[in-house]
Structures are given as structure tokens and as C-alpha cells.
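Heads up, the thing below is written out as C-alpha cells.
The values are calculated or read from the model by the stated rules, or taken from the named source; none is laboratory data. Everything numeric here is computed off the predicted structure, so don't read it as measured data. In this analysis, Cβ positions are derived from the backbone assuming ideal geometry, glycine residues included, and neighbour counts consider all displayed protein chains. Ligands, DNA and RNA are excluded from the accessible area calculation, which covers all protein heavy atoms including side chains. Shrake-Rupley method; radii C 1.70, N 1.55, O 1.52, S 1.80 Å.
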Amino acid sequence: MACDFTALANLDTTDPEQATALLQQCTATLTDPTLWIWGLVLTFLCALVGAWIGKYKNAVVRDAVLGAALGPIGWIVSLLLPKRTVSKNCPACAKPVEARDAHCRHCGAKLGA
Ligand SMILES: [Zn+2]
């Protein structure tokens, strides 16, 4: 018995043995390592494409996370988001900050005018 909708539709509800067998088959399908390896590989590839988009938007980590979490939808969101403008470094921690930021997003130091 395969774990699919046909098996579920043809399930004899008066036979608990058959329902248990179908449940075990579906559990085995969901815990198959091949499925999880493919899921991880696809998530990694989506993050890689997101990071590639983020390279042109000055937001590699943001767009990699968007790509990993949302896949192709995250790529579209990344493409629609405005390009980050990094123009100076924080005087306290020396990490890059945007010109319009009032506070450093890394250490929280107030960025003066
Ligand atoms: Zn800082």
C-alpha cells in the first residue's frame, strides 16, 4: 500500500489494521532521509540564489535568508526591495552603516550628523 490520496480514499474504515498499516507507510515516507536531503539541498540552493541577488542589493545575508525561507517568492521580494546604500562606517564599531541610519544596526551607537 502506497502513501497517497488513492490509498486514503479506498481505506476501509472498519479495519484498524489497514489504517495502522497506511499510517506506518506514510510515517516511513515522511521520515525518509532522501526527502530531507533534497529539502536541505533545495533550501541551500534557494539561499545561494538569494545571496547572489543580495550581492547587487548590498544585503547578502538579508536576501539569502529571504531565499532560504521563501524560495522563488523570496527572490522576487529581494528584487523588489530597494538597494541598500552603504556610504560610511560606524565610528564606534567600524561596521558599514547606511547614511540615513540614526543608530548603528550592529552596536546601537548613535550616529551623529
Ligand atoms: Zn556600530
Practice problem: Round to the nearest 10 and give me the degree value, 0 to 90, for the angle of helix 16-30's Cα axis relative to the longest principal axis of the chain. | Solution: 30 degrees
Self-check item: Pairwise centroid distance, computed over Cα atoms, of the range 1-53 with the range 67-103, Å
Solution: 37 Å
Quiz item: Taking a probe of 1.4 Å, how large is the accessible area per residue of the chain, in Å²?
Solution: 72 Å²
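Per the helix-only calculation at 222 nm, which mean residue ellipticity applies to the chain, given -39500 (n - 2.57) for every DSSP H run of n ≥ 4 and division by its residues, nearest 500 deg cm²/dmol?
Numbers: 5 runs with 65 residues, N = 113.
The per-residue figure over the chain is -18000 deg cm²/dmol.
Filter the trypsin sites (Lys or Arg not before Pro) in the range 51-113 down to the DSSP loop ones having no more than 16 other Cβ atoms within 10 Å, then list what survives.
Details: sites: LYS55, LYS57, ARG62, LYS83, ARG84, LYS88, ARG100, ARG105, LYS110; in loops: LYS83, ARG84, ARG100, ARG105.
Filter output for the range 51-113: LYS83, ARG84, ARG100, ARG105.
If the range 1-56 were replaced by its equivalent ellipsoid, with semi-axes equal to the square roots of 5 times the Cα gyration tensor eigenvalues, what would those be, largest first, whole Å? Please report the intermediate quantities before stating the final value.
Values: eigenvalues 306, 24, 8 Å².
Computed over the range 1-56, the values are 39, 11, 6 Å.
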Quiz item: Mind checking the dipole of the range 33-113: about its Cα centre, +1 per Lys or Arg Cβ, -1 per Asp or Glu Cβ, Debye to the nearest 20?
Solution: 320 debye
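Got the relative contact order for the chain handy, in percent, Cα pairs under 8 Å and 6 or more residues apart?
Details: 131 pairs, mean separation 15.2, N = 113.
This gives 13 percent for the chain.
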Quiz item: If you average 1/r over all unlike Cα pairs in the range 29-113 and invert the result, what Kirkwood radius do you get in angstrom?
Solution: 14.5 Å
Quiz prompt | Angle between the chain longest axis and helix 60-70 axis [Cα atoms, degrees, rounded to 10] | solution = 20 degrees
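Around GLU98, what is the net charge, scoring Lys/Arg as +1 and Asp/Glu as -1 over all other residues with Cβ under 11 Å from its Cβ? Before the final figure, lay out the partial values.
On the way: positive: LYS83, ARG84, LYS88, ARG100, ARG105; negative: ASP101.
Result for the local shell: +4.
For the chain, what % of the accessible area comes from carbon and sulfur atoms, probe 1.4 Å? Could the numbers behind the result be given before it?
On the way: 5650 of 8190 Å².
Whole-percent figure for carbon plus sulfur exposure: 69.
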